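Working notes, structure below.
The values are calculated or read from the model by the stated rules, or taken from the named source; none is laboratory data. In this text the structure is predicted, and so the values were computed from the model without any measurement. All Cβ positions, glycine included, derive from the backbone under ideal geometry; neighbour counts span all protein chains shown.
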Amino acid sequence: MLEFLKYIRGYLRIRVYGFSPERFMNLCSNKDILLWDIEQAGDGYVMCISLRSFYKLKNIARKTGTRVVIQERCGLPFFVPIMRKRWVFLAGLLMAVIFWYVSGWFVWDISVTGNYQITTDQMEAFLQEQNIREGMRKDDLNIGELEKEIRRNFAQVTWTSIRLDGTKLLISVKENDAPILQSTDGAQETEGTDLVAEFDGTIVSMVVRKGVPQVRIGDVVKEGTVLVDGKVPIYNEDATLREYILTDADADIVIEHTMSFRATLPLDYIEREYTGREKKQTFLRAGDGFEGKLPKERPYLMYDRVMKQSRPRFFEKLNIPVYWGSYTYREYQNVEHVYTSEEAESILNENLSLFLQTLEEKGVQIIEKDVKIDTSGSERILQGEFLVQEPAGKRAATDRGEETVEK
Amino acid sequence: MKNESNQKKSKLLESLQLPRDVCLGALRVTLTGSAEAWVENYRGLLEYSEQSILLQGKNCQVCFEGTGLTIDYYTNEDMKISGCIQNVRYL
């Protein structure tokens, strides 16, 4: 601390020689002038003295018959005039300090962890609503209120913790793993929905749980035909219509229909063959706008590149988007190949089995299949026709028609 | 005569339990090992070289002898000597 004060106020390293340098030191101490680091040097002494005290030495030197020679000037008062010549550097330094200081007032990154049911998009939209965004002032942030607001807004959030780490806002949430029980008192209000056919076909099975069935097993339906109506009529005792109750139609309906599959594969194809030659290029990137590369030119005519990118820890902490890394360019040549018939057929069969697997996953049952591979020409064409039984029933809003009562 | 008055003063200070350095102006030397020495209550510096430092006190002189002696700071109140102190002599 003392050293720092000495530096701020400035001091000199002087050499004192002549008739009586010891008396010079005694007089200095009598006049409360601090001397330090006193060393003998030849016929005199070398010592340090503060800049202010140096101006009081004239009389003392005259009295003691000594001469005072400045050997070195140290401290801020001597540094500033030098820096005046380099004012651009100083201004840059000052601006950098101001930049770091001011940028510390804002939130530059928001990270949300622990959300599984609530998507990050949902959380971001919520934060936008609350005016929490990147670049906002830290002072405008009310962490306690925001925590409460998250819990209020998302029923499944049981615990929230928000903290500021430097310029980063870290939001941690914990969601309830148990299902949320919905209130069952009274019927839920609904606008009513029908189930309609998604494709043309014949109804093969039908189990209706809610709504009025509009078709029967064996009926041929077109796409868009209403299968189960969500508008349930209530009749009076005299069989006259009293009202309609709107409900969400619910049923398991299976429709039998035909489905086709077509895949083509040209026999000749191009494959990349790497020559084994590789070149590296280093880059520095700031945001999305600036990117500097060394060397600048592309090394090969045909290449692909692998990017390795990292962010200096310093910038990471401040969340400033400055990245550096390297591109590795790998040269390749396009080589033409031709599939043999067996290879082509096996690729097409693989595509077909993938298609069938997807159908099975959807719960589609295949009743009949007819698959042909066309081997004429320069490409192989696989064509398949399938008779399938597929669960159907797409929700569509009920046509309310006459006046109804919602249930 | 002077000796007698000094003895009286000394007795008085002892009975009143007053510090001798404050009342008699005696030199106060604090040594830390053989590397550092703090000196208070001196009148001035008489000689200074790397081998010896001679100080004037109120009643006596003290001489620090050794090698590589330097004065770290020198004020009206106290001073610090560092180096390899081999001998402290009162003259």
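One residue stands out among those in segment A:285-304 that are in a strand (DSSP E or B) and among the aliphatic types (A, V, I, L, M): the one that is surrounded by the most Cβ atoms within 10 Å (Cβ to Cβ), which is A:ALA286. I'd like to know if segment A:42-55 contains one or more residues that are in the same structural domain as A:ARG15 (by TED's automatic domain parsing), among the hydrophobic types (A, V, I, L, M, F, W, C) and farther than 21 Å from B:GLU50 by Cβ. Yes, the conditions are met somewhere in segment A:42-55.
For segment A:2-31, the tally of residues that are away from every other protein chain (no Cβ under 13 Å), touching a strand residue (DSSP E or B) at 6+ places or on another chain (Cβ under 8 Å) and under 26 Å from A:LEU76 (Cβ atoms) stands at 7. Against the numbered list (1) at pLDDT 85 or above; (2) more than 14 Å from chain A (Cβ to nearest Cβ); (3) out of contact with any helix residue (DSSP H, G or I) (no Cβ under 6 Å at 6 or more places or on another chain), B:ARG28 comes up short only at (3). The set of residues from segment B:50-90 being more than 10 Å from chain A (Cβ to nearest Cβ) and part of a loop (DSSP other than H, G, I, E, B) comprises B:GLY57, B:LYS58, B:ASN59, B:CYS60.
If you go through segment A:236-260 and keep only what is modelled with pLDDT under 90, of a type in the set (A, V, I, L, M, F, W, C) and surrounded by 10 or more Cβ atoms within 10 Å (Cβ to Cβ), you end up with A:LEU241, A:ILE245, A:LEU246, A:ALA249, A:MET259. Per this entry, A:GLU22 is not counted among residues that are over 17 Å from B:GLY44 (Cα atoms) and free of Cβ contacts under 8 Å to residues at least 40 places away in the same chain. If only residues of segment B:1-49 that are among the polar types (S, T, N, Q) and part of a strand (DSSP E or B) are counted, the one that is farthest from B:ARG89 (Cα to Cα) is B:THR32. Considering the conditions (1) acidic (Asp, Glu); (2) under 21 Å from A:PHE283 (Cβ atoms); (3) outside the structural domain of A:ALA286 (by TED's automatic domain parsing), A:ASP370 is excluded by exactly one of them, (2).
Residue pairs whose Cβ atoms lie under 9 Å apart, separated by 6 or more positions or on different chains, with the first residue in segment A:32-44 and more than 7 Å from chain B (Cβ to nearest Cβ) and the second part of a loop (DSSP other than H, G, I, E, B) and not small (Gly, Ala, Ser), are A:ILE33/A:LYS56; A:ILE33/B:THR75; A:ILE33/B:ASN76.
Condition check ((1) surrounded by fewer than 12 Cβ atoms within 10 Å (Cβ to Cβ); (2) touching a residue at least 12 places away in the same chain (Cβ under 8 Å); (3) within 30 Å of A:GLU39 (Cα to Cα); (4) not aliphatic (A, V, I, L, M)) across all residues:
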{"residue": "B:SER10", "(1), (2), (3), (4)": "no, yes, no, yes"}
{"residue": "B:LEU16", "(1), (2), (3), (4)": "yes, no, no, no"}
{"residue": "B:GLY44", "(1), (2), (3), (4)": "no, yes, yes, yes"}
{"residue": "B:GLU50", "(1), (2), (3), (4)": "no, yes, yes, yes"}
{"residue": "B:LEU55", "(1), (2), (3), (4)": "no, yes, yes, no"}
{"residue": "B:GLY66", "(1), (2), (3), (4)": "no, yes, yes, yes"}
{"residue": "B:THR70", "(1), (2), (3), (4)": "no, yes, yes, yes"}
{"residue": "B:TYR73", "(1), (2), (3), (4)": "no, no, yes, yes"}
